[in-house]
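Just below is one structure, and these are the notes that go with it.
The values are calculated or read from the model by the stated rules, or taken from the named source; none is laboratory data. Keep in mind the model is a prediction, meaning the values are calculated, not measured. Quick reminder, even Gly has a Cβ in these numbers, built from the backbone with ideal geometry, and neighbours come from all protein chains shown. To get the accessible areas, we keep the full protein, side chains included, count just its heavy atoms, and leave off ligands, DNA and RNA. Shrake-Rupley method; radii C 1.70, N 1.55, O 1.52, S 1.80 Å.
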Amino acid sequence: MDDVVDLVRRSLSGESDAEFRERIAEQADQLRDAIEAGTFDNEDFAVGLEVEVYAIDAEPEPVTDDDGEDEPDEATLDADLSGGSGGDLGSLEPAGEDAVDDSFESDGDDEADEPYMDPDDWEGRLAELPESIFGTAAAKELGVHNAEINTDPDVLGPTGLAVQTTSIEMRIKKARDAAREANRELVLDAMWTIPPAAGSVSYLSDVEERDGFVFAENMRQDPRYVALDNEALGHAGGEIDFSVPGASHSFPTILFESLTASIQPHLQIPDSDAFPAYYNAAIRTLGPIVALTANSPLLPADMYDAVEDPRALLEDTHHELRIAAFEQSVNTSENPKVRVPSDIETTTEVVDRVVEDDLFAPFPREWIEDGTRSGLHDTYWEFDHKRGTYWRWLRCVIGGDPVDGAGDERSLRIEYRPIPTQPTVADTIAVQVLTAGLLRGLVVADHPLAELPWQDAEASFYSAAREGPDADLAWVTADGQRTTDHDAIYDEVFEYARRGLGSQDVPESQIDEMLAPIERRRALGTTPSQWKLDRVGEYLSEHDLPDAICEAQRDYYELSREHDTFADWL
């Protein structure tokens with residue numbers, strides 16, 4: 001722990017700021033030249049996916065007689081490859097795309113036996129994830145209850161999408177299996193709402209001071225996370241306010257960001273000259289995509305203040321509270337770091353944006369890694385570190401894993417960041433395919449959506465975060481007409497997603513199958529967020545608000561295990 005304190009002190013002291021900025025400026029110049037020379041062009045479009053989850057106590061199995069064992073039913077046997085099976089910083093991830101370095105963390109006793117819990121006493125409370133799940137199964141995230149599961153990138157085409165589907169199914173299954181070995185369950189959800197035993201505010205506020213720095217007890221003790229936490233706290237004056245309908249708190253740490261979980265589709269753009277067209281189109285899709293996928297309308301049940309009219313709260317709450325949680329947790333400096341990015345005219349502007357962004361908690365490479373630099377990631381290490389704190393809802397990632405049939409590690413990708421974690425694996429895949437297909441289709445068809453004023457796109461996004469399926473959306477149709485009509489907007493969203501996928505030779509039958517979960521959701525006219533609010537409303541006839549939220553959340557968990565898609569349980 002002394003090593004962590006020393007690194008945090010050095011990061012925040014300012015002693016390395018000048019040299020760090022010089023390295024970023026030099027690396028940025030190299031990147032601009034390389035982009036303009038076409039070095040980051042590739043052969044084809046490619047897709048990848050990040051999925052954030054959280055952990056709860058696993059539901060205990062009932063005790064059976066020694067001479068007889070319960071036989072699993074067919075649904076249980078199939079569950080891990082269904083949408084459920086037991087089920088961001090969207091994230092404050094450290095530099096690069098690797099799992100958080102755990103060399104500074106103590107080795108917990110992952111194998112320690114836990115006392116038996118009667119199934120009738122199970123509540124599905126938030127729980128810490130053991131070290132045993134991380135490495136091959138999942139990567140660490142900000143909170144000790146969070147994890148991230150990623151796919152390797154594949155060509156955007158019929159084979160690549162099939163591989164993505166199998167990959168995310170199997171990786172989530174592998175992570176869940178590892179979690180279950182430690183009596184934990186991973187939940188595909190955008191915000192946990194059943195409090196931990198200590199209570200949500202206490203859990204998120206549990207800090208201690210070590211040599212003048214704040215350490216959040218339930219945050220991964222990676223030095224970069226700790227430095228980011230203290231940097232944000234310093235800008236906020238020592239406490240960070242969080243206020244949404246029905247709840248207002250001040251926290252001594254950014255850890256309340258770990259309330260949230262997201263999925264982040266990536267789309268590799270092979271032609272750097274075309275990157276601005278895709279980037280600007282993506283900004284204008286944020287509202288419709290978030291309105292269709294909203295899934296975090298409620299905080300943990302014990303975080304609400306005295307609510308006199310619970311049903312009024314259900315009307316007033318945001319459908320996507322994770323947007324507010326993320327923005328308020330780290331937007332403590334003069335220039336907010338989490339927001340909708342502005343349009344770009346040239347591809348090299350994505351480099352300029354990172355350079356100009358406020359510097360948070362710099363870490364030169366030699367503090368973290370030994371040896372001489374080799375490879376693309378090492379060449380631009382400091383730039384990539386700062387890019388990791390450029391927390392716009394849409395951003396460019398420069399460089400990454402090579403893609404068989406679509407290029408090497410020199411690539412330009414759009415990272416699409418505002419989508420909440422979806423209820424099932426099939427829903428997750430559908431949203432990934434919808435997003436990638438839509439961006440491809442809008443540009444390949446020369447759709448005029450880019451004519452929508454940026455301010456209207458931004459307003460559409462925040463309306464979607466607040467109102468979900470009832471958002472005030474803005475769109476420009478294929479014939480150049482402005483519209484706010486949801487039917488007209490979503491008709492084109494799905495039409496151009498299909499067109500984009502078709503341009504990548506994905507057969508219609510495969511498109512039908514992969515988009516079916518999200519198209520059915522659209523046809524039914526609801527979202528996971530609306531389902532949660534309706535379910536809580538039903539429970540309010542017999543329960544107070546905290547109990548109603550917990551009962552509804554347990555229903556969500558069980559239904560997500562039992563069904564392949566969210567639409568199946570409606």
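Filter region 195-248 down to the residues that are open to solvent by 30 Å² or more (accessible area, probe 1.4 Å), part of a helix (DSSP H, G or I) and not polar (S, T, N, Q) and list them by number.
Those that are open to solvent by 30 Å² or more (accessible area, probe 1.4 Å), part of a helix (DSSP H, G or I) and not polar (S, T, N, Q): Val201, Glu231, Gly234, His235, Ala236.
Being over 22 Å from His447 (Cα atoms) and either touching a His at 6+ places or on another chain (Cβ under 7 Å) or not aliphatic (A, V, I, L, M) (or both) is the filter here; which residues of region 508-521 pass it?
Ser509, Gln510, Asp512, Glu513, Pro517, Arg520, Arg521
In contact with a strand residue (DSSP E or B) (Cβ under 8 Å, 6 or more places away or on another chain), surrounded by fewer than 23 Cβ atoms within 10 Å (Cβ to Cβ) and under 22 Å from Asp29 (Cα atoms): is that true of Arg395 in this structure?
Numbers: in contact with a strand residue (DSSP E or B) (Cβ under 8 Å, 6 or more places away or on another chain): yes; surrounded by fewer than 23 Cβ atoms within 10 Å (Cβ to Cβ): yes; under 22 Å from Asp29 (Cα atoms): yes.
Yes.
Got at least one residue in region 343-361 being open to solvent by less than 40 Å² (accessible area, probe 1.4 Å) and closer than 30 Å to Met514 by Cα?
The answer is no; no qualifying residue exists.
List pairs: first in region 237-254 and under 17 Å from Ser333 (Cβ atoms), second modelled with pLDDT under 95 and buried (at least 18 other Cβ atoms within 10 Å of the Cβ), Cβ under 8 Å, 6+ apart or cross-chain?
Going by the 8 Å Cβ cut-off, the qualifying pairs are Ile254/Leu92.
Any residue that is farther than 17 Å from Glu19 by Cα and open to solvent by less than 10 Å² (accessible area, probe 1.4 Å) - is there at least one of those in region 366-386?
No, that holds for no residue.
Within region 207-252, restricting attention to residues that are of a type outside the set (A, V, I, L, M, F, W, C) and in contact with a Ser or Thr (Cβ under 7 Å, 6 or more places away or on another chain), which residue is farthest from Gly388 (Cα to Cα)?
As a first pass, look at region 207-252 and keep what is of a type outside the set (A, V, I, L, M, F, W, C): 208-212, 217-218, 220-225, 229-231, 234-235, 237-239, 241, 243, 245-246, 248-250, 252.
Adding the requirement that they be in contact with a Ser or Thr (Cβ under 7 Å, 6 or more places away or on another chain) leaves 229, 235, 239, 241, 245-246, 252.
On the way: Asp229: 14, His235: 19, Glu239: 23, Asp241: 23, Pro245: 30, Gly246: 32, Pro252: 23 Å.
By that ranking, first place goes to Gly246.
Enumerate the helices (runs of 4 or more DSSP H) found wholly within region 327-442, keeping only those where 2 or more residues are at pLDDT below 95.
Numbers: elements: 349-356, 365-368, 375-379, 381-387.
Qualifying helices (runs of 4 or more DSSP H): 365-368, 375-379.
Give all pairs with beta carbons closer than 6 Å in which a residue from region 399-421 that is within 19 Å of Val51 (Cα to Cα) and open to solvent by 10 Å² or more (accessible area, probe 1.4 Å) meets a residue that is among the polar types (S, T, N, Q) and part of a loop (DSSP other than H, G, I, E, B); count only pairs at least 6 apart in sequence or on separate chains.
Correct list of pairs: Gly400/Ser411.
List every residue pair whose Cβ atoms sit under 6 Å apart, with the two residues 6 or more apart in sequence or on different chains, where the first one lies in region 295-313 and is modelled with pLDDT of 95 or more and the second, anywhere, is polar (S, T, N, Q) and not in a helix (DSSP H, G or I).
Taking only residues 6 or more apart or on different chains, the pairs are Pro297/Thr317; Leu298/Thr193; Pro300/Thr193.
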